[in-house]
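First the structure, in the form of structure tokens, and then the observations on it.
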Amino acid sequence: MKKKLIIAIDGYSSCGKSTFARAIAKELNYIFIDSGAMYRSVTLYALRRKYVGTGSIDEQGIVQELNDIHIEFVYNPDIAEYETFLNSENVEREIRGIEVSAHVSRISQIPEVRYRMVELQRQIGVYKGIVMDGRDIGTVVFPDADLKIFMTASVDIRAKRRFDELEAKGLRVDFDEIRKNIISRDITDENRDISPLRRAEDAIILDNSRMTVDEQMTWVFRIIDEKINGS
Ligand code: DC
């Protein structure tokens, strides 16, 4: 039987981590987990329950209800993709909106939220044969992952990609607002006390500013083939 891997993909927001991770998972027939979607789902829950105000967050309220937040990834055969479900509701579209994006960094800094998400991510990982993308997958969630990739790309390119993605989904968006949101999320992700975004020592850097998805796939499959069929 072929060796099954845990592949950890971390990096800055809007680098195309999910697209890349999803494509790898499809090619290998692995499970794909978008860990950012989990933090986004908690954020949506908190917004709906009014635990997030203009300047304040009721952390205690969120933490108290963590056990009521059920997140699943359900395969949709019509689009051949996994979609995010929050308490049995398909929230895939809503969690990508600007309101969730504006608050998710702060929600993902709540220690109890992180512990719970990491616990769920590790439970999924016991099956191996998974590709998970996020910020702390190679450093905290799976420090022994078989392959770790750290993705980066320029701010302007990332803002353009996010803009195109949201527009394609029919959401009305402002480019400058997206750009600002990316910059501020980079700062928060890199400087937070708990699980800050950083490259694991054994992660391979992929700067995809000038690479197509096909080029990235060729690059990564050289490494993956070696891991699966090599020594
Ligand atoms: O990848 P994304 O933009 O969908 O992630 C949304 C937010 O969630 C991002 O601001 C950082 C946070 N996040 C995190 O803290 N840890 C992860 N493993 C994944 C995402």
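What do you reckon, is Y30 modelled with pLDDT of 95 or more, among the aromatic types (F, W, Y) and crowded, with 17+ Cβ neighbours inside 10 Å?
Details: modelled with pLDDT of 95 or more: no; among the aromatic types (F, W, Y): yes; crowded, with 17+ Cβ neighbours inside 10 Å: yes.
No: the conditions fail for Y30.
Quick test of your reading of the structure: L86 fulfils all but one of (1) open to solvent by 30 Å² or more (accessible area, probe 1.4 Å); (2) away from the ligand (no atom under 12 Å from the Cβ). Name the failing condition by number.
Status for L86: all satisfied but (1).
Within region 176-189, identify whether any single residue is in contact with a Leu (Cβ under 6 Å, 6 or more places away or on another chain) and among the aliphatic types (A, V, I, L, M), and answer yes or no.
No, because not a single residue in region 176-189 is in contact with a Leu (Cβ under 6 Å, 6 or more places away or on another chain) and among the aliphatic types (A, V, I, L, M).
Could you say which residue among D225, D207, D214, D176 is more than 15 Å from the ligand (Cβ to nearest atom), of a type outside the set (F, W, Y) and surrounded by 12 or more Cβ atoms within 10 Å (Cβ to Cβ)? Can you show your working first?
Working: D225 fails: surrounded by 12 or more Cβ atoms within 10 Å (Cβ to Cβ); D214 fails: surrounded by 12 or more Cβ atoms within 10 Å (Cβ to Cβ); D176 fails: surrounded by 12 or more Cβ atoms within 10 Å (Cβ to Cβ).
Going through D225, D207, D214, D176 in turn, just one is more than 15 Å from the ligand (Cβ to nearest atom), of a type outside the set (F, W, Y) and surrounded by 12 or more Cβ atoms within 10 Å (Cβ to Cβ): D207.
If a residue must be open to solvent by 30 Å² or more (accessible area, probe 1.4 Å) and either among the aliphatic types (A, V, I, L, M) or within 11 Å of I31 (Cβ to Cβ) (or both), how many such residues does region 121-141 contain?
5
Check A37 against each of (1) open to solvent by 10 Å² or more (accessible area, probe 1.4 Å); (2) under 30 Å from I228 (Cα atoms); (3) not acidic (D, E) and name the one condition it does not meet.
Going through the list (1) open to solvent by 10 Å² or more (accessible area, probe 1.4 Å); (2) under 30 Å from I228 (Cα atoms); (3) not acidic (D, E), A37 breaks only (1).
Could you check region 1-26 and list, in sequence order, the residues that are among the acidic types (D, E) and modelled with pLDDT under 95?
Hits for region 1-26: nothing passes.
For region 89-105, what are the residues that are open to solvent by 30 Å² or more (accessible area, probe 1.4 Å) and at pLDDT below 90?
Residues satisfying the conditions are I98, A102.
The values are calculated or read from the model by the stated rules, or taken from the named source; none is laboratory data. Just so it is clear, the structure is predicted and the values come from calculations on it, not from any experiment. No Cβ is skipped: glycine too gets one built from the backbone with ideal geometry, and neighbour counts run over all protein chains shown. The area values use the complete protein model at the heavy-atom level, side chains included, leaving out ligands, DNA and RNA. Shrake-Rupley method; radii C 1.70, N 1.55, O 1.52, S 1.80 Å.
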